[in-house]
Amino acid sequence: MSMIKKALYLGLGIFSVTREKAEKLVNELVEKGEMSGDEAKQIIDDLLTRGEEEKQALRKMVKEEIEDWRKDFSLVTRSEFESLKARIEEMQQK
């Protein structure tokens, strides 16, 4: 059973697993008699859970990298830019 799970994880790609994709693939395995309906449901749930966990980890890593780049290159954030823009407009009116 673990070989089937590993093949599913690799074949579907953890980051791009949708319920529809997972159900389609697993239902094909059920139809072929390679797993039961209960096993299929558990694998679908596992795939979706792992996919969401991987997606969250990737988002966190990307955010951290962007923040590092911002600091390394002395880039301003949108809020800092808007604040400076407002101050300039206020000074121009005076």
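Read-outs throughout are calculated quantities, based only on the coordinates presented, and are distinct from any laboratory measurement. Predicted model only: the values in this text are computed from it and were never measured. Counting neighbours? That spans all protein chains shown, and the Cβs are built from the backbone with ideal geometry, glycine included.
Data overview
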| quantity | calculated |
| --- | --- |
| Gain in span if fully extended, GLU52 to GLU65, counting 0.36 nm per residue against the direct Cα distance | 2.7 nm |
| Computed label-point distance, nm, for sites ARG78 and GLN93 using a 7 Å Cα→Cβ extension | 2.4 nm |
